[in-house]
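> Below: one structure in structure tokens.
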Amino acid sequence: MGDNRFLEVQAIPGIQIVPINDKKAPIVNEWQHTKTVHDLSTCYGIGLVCGEISGNVEVIDIDLKYDLTGKLYDEYKSTIHQLDPTLLPMLVVQKTVSGGYHFIYRCDEIHGNQPLAKRHATEAEKQKGEKTKVLLETRGDRGQIACWPTKGYELVYGSFDKIQKITVEQREILFNVAYSFNEVLKPHVHKEVKQRKQTKGLTSIEDFNERGDVVELLENHGWKAVGRKGAKILMRRPGDTKANHSGNYDEEKKWFSVFSTSTEFESQTPYLPYAVYTILECGGDFKLTPKKLYDLGYGDREEEIRQNNVSVPSVIDTSDEDLSFLAVEDDYADYIDRWRKGTFEMGKTTGIDELDKFFRFKDGNLVIINGLDNVGKSTVIWFFSIIASLYHGWPCLIFSSENVTGSVIRKLIEFYWCEPITTINDMKYKQAHTHIKKYFDIIKVKDRLYNYRDILNMHTKASKKKPYKMLMIDPYNSLKVDIPAKSKQDYYNYHYEAASVLQQYGKQNNLSIYLNCHVGTVGARNLDKDGFVKAPQKADTEMGVMFANKADDFLTIHRVTQHETDWNLVEIHVRKIKETETGGRLTPMFKPVKLKMINHLTGFVYFDQNPIHDWHKKNSSNIPLDFTIPVAEYEIKETADDSFPF
């Protein structure tokens, strides 16, 4: 039954090998602390004894048969690599008979066997009497693992004669990342907190748990966000520490937990946002928390509840027989007929063939755009508006509160020729300026603040002069919020109503509204493996996913502004297309359409396709004799996924 390779492994200096049965259990006594050469001639397999007896060998056992996501192994490796790119190649890696993996190493500091990450049992598992399943655990002192060349085990990287020693800090990385997958934590216990008696509805604690910025609170107390793993933001504690991170905040579960024992928080204990606030801002006194949060504006006010606790009026009279609210054939016959005959109008071209696959100009759509500060959201939309005016004759009304009116006009003139205004001759300037005056109007900002209804009323009045097809509001959060000082909940309802009104107004007036939005603080912390901020998602929009979901189309505009070579590549991520039948679809998650800035940011190209140049070529009678548009070399370097040696 034995295998000659068993003897080869047994002969490796510095490790202790024991014979095991088909259940992976040692078949000899006193194996934990007896260093001897065992008879392996008839055993089923062999085991590597961990701990001091093998030179302080320790193993992390990754049990993938209990992983419900299918991503545990890749995410575990990726996060380790993000924190220390040198660590993974130092490990000996063995694939187990069940499809899991062993990470094998030596370290000056090791302990006995211990679980690192568990999950709760599924309903089917609970019926068998199980409560949890272990995903990651260690084998250390008084532990052992079945090992190659036992049947079903495979060495995929390294060898047993080259088990390297890692530092205590590197071991802490392996453990801390493993802890971040743990879903089974003992709850934080404290005395029940009594709310203010006069407060009804949403309490200050409930409100803070819902919308309090825990990461910002921690950073104000010296913690630092150092990375991300899925929904978890990795945090490093303040003070002198060599650990890459000491805990994490789970955005989905809304709890903060630490691995370190050197903080004011209990290790491996989940804290809800209000409990984090209590520890950091109230000295652990939970009796102070409700009032302090209430005074900060959290929780419903009694007067607001009285105002909101009124009957909602309805335009539907239930006492008559009027059923005109039900659709009849005349309401949809034309729509169906146009689809059957193939005469249904597709969305209009952007002038860029690749972008047309994903996004098109459509009449009456609410297009919400998000992106980080300084990536060029406004500039890209101005460029799109020039294309819409050239290709489709769309007049545009622009509200851009963060830009001087002259600078907006200047960029539009430059985009008309893809040339800096300082080099445009008089003939070309006159032609561009005439076009801009015909198709564009800018709302003066000065020192006045407008709300969203003001902007729509301005459009209503100005449209008597010019039949606008586009309205750009940039940025949305510069608009005045005309509601009394109320709870944050009412604030969100206000913006949700604003998005609904904007969408309805656009449909009624056949007006495409482009709404430029900023990104919340959490989205701005999402870093890639190189430390650059990733493109935000729809849910990262400042007013939240509820607001963004009102969009007909949703775009993310992103640029890695500090990248050494790719700083001038603008990514267009299409996050939502409500009606794909008229053109458009979502861009692949990691393959946005990338446009390159050209000629001192006076235009954008996709490889050799320049939509402005193409339009002028088709309208050659408009081109002055000296017309040229430089097109810079365009190269996109595909970013390969992290390639680990195993």
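The values are calculated or read from the model by the stated rules, or taken from the named source; none is laboratory data. If you're wondering where the values come from, they're calculated on a predicted model, not measured in any experiment. All Cβ positions, even for glycine, are placed from backbone atoms using ideal geometry, and neighbour counts span all protein chains on display.
> Condition test on T565, is it in the same structural domain as N365 (by TED's automatic domain parsing), of a type in the set (S, T, N, Q), surrounded by fewer than 15 Cβ atoms within 10 Å (Cβ to Cβ) and at pLDDT below 90? Reasoning before the result, please.
Numbers: in the same structural domain as N365 (by TED's automatic domain parsing): yes; of a type in the set (S, T, N, Q): yes; surrounded by fewer than 15 Cβ atoms within 10 Å (Cβ to Cβ): yes; at pLDDT below 90: yes.
Spelling it out, T565 is indeed in the same structural domain as N365 (by TED's automatic domain parsing), of a type in the set (S, T, N, Q), surrounded by fewer than 15 Cβ atoms within 10 Å (Cβ to Cβ) and at pLDDT below 90.
Rundown of residues vs (1) over 25 Å from K292 (Cα atoms); (2) not in a loop (DSSP other than H, G, I, E, B), yes/no style:
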{"site": "L218", "(1), (2)": "no, yes"}
{"site": "G227", "(1), (2)": "yes, yes"}
{"site": "D240", "(1), (2)": "yes, no"}
{"site": "H245", "(1), (2)": "yes, no"}
{"site": "Y249", "(1), (2)": "no, yes"}
{"site": "T261", "(1), (2)": "yes, no"}
{"site": "F265", "(1), (2)": "no, no"}
{"site": "T269", "(1), (2)": "no, no"}
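> Hey, another quick one. Which residues, taken from region 528-549, are in a loop (DSSP other than H, G, I, E, B), modelled with pLDDT of 75 or more and either crowded, with 21+ Cβ neighbours inside 10 Å or at positive phi (or both)?
If the condition is that a residue be in a loop (DSSP other than H, G, I, E, B), modelled with pLDDT of 75 or more and either crowded, with 21+ Cβ neighbours inside 10 Å or at positive phi (or both), then G531, A535, P536 are the ones that fit.
> Being of a type in the set (K, R) and touching a Leu at 6+ places or on another chain (Cβ under 9 Å) is the filter; apply it to region 450-477 and report the residue that is surrounded by the most Cβ atoms within 10 Å (Cβ to Cβ).
K469
> For region 584-620, which residues satisfy the criterion of being small (G, A, S), surrounded by 16 or more Cβ atoms within 10 Å (Cβ to Cβ) and over 26 Å from the mean Cα position of the chain (by Cα)?
G603, the sole residue that qualifies.
> Restricting to region 79-100, and then to whatever is buried (at least 18 other Cβ atoms within 10 Å of the Cβ) and of a type in the set (S, T, N, Q), can you tell me which residue is modelled with the lowest pLDDT?
This residue is Q82.
> Kindly state which strands (runs of 3 or more DSSP E) lie completely within region 72-185 and contain at least 1 residues that are assigned by TED's automatic domain parsing to the domain that holds I17 and among the acidic types (D, E).
The qualifying strands (runs of 3 or more DSSP E) are 132-139, 154-157.
> Could we say that I455 is more than 21 Å from I368 (Cβ to Cβ) and among the β-branched types (V, I, T) here?
no
> Could you list all residues from region 439-469 that are under 36 Å from the mean Cα position of the chain (by Cα) and among the hydroxyl-bearing types (S, T, Y)?
Matches in region 439-469: Y450, Y452, Y468.
> Six or more apart or on different chains, Cβ under 6 Å: which pairs go from a residue in region 67-88 that's at positive phi to one that's of a type in the set (S, T, Y)? Could you list them?
none
> Would you confirm, using the coordinates I've provided, whether Y416 is over 30 Å from E497 (Cα atoms) and among the aromatic types (F, W, Y)? Break it down into steps so the answer makes sense when it comes.
On the way: over 30 Å from E497 (Cα atoms): yes; among the aromatic types (F, W, Y): yes.
When the stated conditions are applied, Y416 passes them.
> Continuing with the same structure: Evaluate the following for V560: is it more than 28 Å from G393 (Cα to Cα), touching a Pro at 6+ places or on another chain (Cβ under 6 Å) and surrounded by 17 or more Cβ atoms within 10 Å (Cβ to Cβ)?
no
> K131 is checked against (1) modelled with pLDDT under 90; (2) surrounded by 19 or more Cβ atoms within 10 Å (Cβ to Cβ) and fails just one. What number does that condition carry?
Of the numbered conditions (1) modelled with pLDDT under 90; (2) surrounded by 19 or more Cβ atoms within 10 Å (Cβ to Cβ), the odd one out for K131 is (2).
> For region 40-55, what are the residues that are farther than 13 Å from I12 by Cα and part of a loop (DSSP other than H, G, I, E, B)?
L40, S41, T42, C43, Y44, C50
> Which of the residues that make up region 430-449 are surrounded by 15 or more Cβ atoms within 10 Å (Cβ to Cβ) and more than 23 Å from N510 (Cβ to Cβ)?
The answer is Q431, A432, H433, V445.
> Here is a further query. Condition test on E542, is it outside the structural domain of M458 (by TED's automatic domain parsing), touching a helix residue (DSSP H, G or I) at 6+ places or on another chain (Cβ under 9 Å) and among the acidic types (D, E)?
no
> Further, regarding this structure: Hey, among V93, V59, V97, which residue is in contact (Cβ under 8 Å) with a residue 40 or more places away in the chain, touching a Ser or Thr at 6+ places or on another chain (Cβ under 7 Å) and not small (G, A, S)?
After ruling out the rest, the residue left standing is V59.
> Can you work out which of the residues in region 366-390 that are among the hydroxyl-bearing types (S, T, Y) and within 16 Å of T434 (Cα to Cα) is farthest from the chain's Cα centre (by Cα)?
S389
> Taking V375, is it assigned to a helix (DSSP H, G or I) and either β-branched (V, I, T) or buried (at least 17 other Cβ atoms within 10 Å of the Cβ) (or both)?
For V375, the condition - assigned to a helix (DSSP H, G or I) and either β-branched (V, I, T) or buried (at least 17 other Cβ atoms within 10 Å of the Cβ) (or both) - is not met.
> In the list D334, D317, which residue meets the criterion of being loosely packed, with under 10 Cβ neighbours inside 10 Å and assigned to a helix (DSSP H, G or I)?
Every option except D334 fails the conditions.
> Same structure, new question: Could you check region 14-28 and list, in sequence order, the residues that are among the β-branched types (V, I, T) and part of a strand (DSSP E or B)?
I17, V18, I20
> Could you tell me which of the residues I62, I46, I12, I27 is in contact with a Phe, Trp or Tyr (Cβ under 6 Å, 6 or more places away or on another chain), of a type in the set (A, V, I, L, M) and surrounded by fewer than 20 Cβ atoms within 10 Å (Cβ to Cβ)?
Just one listed residue meets the conditions, I12.
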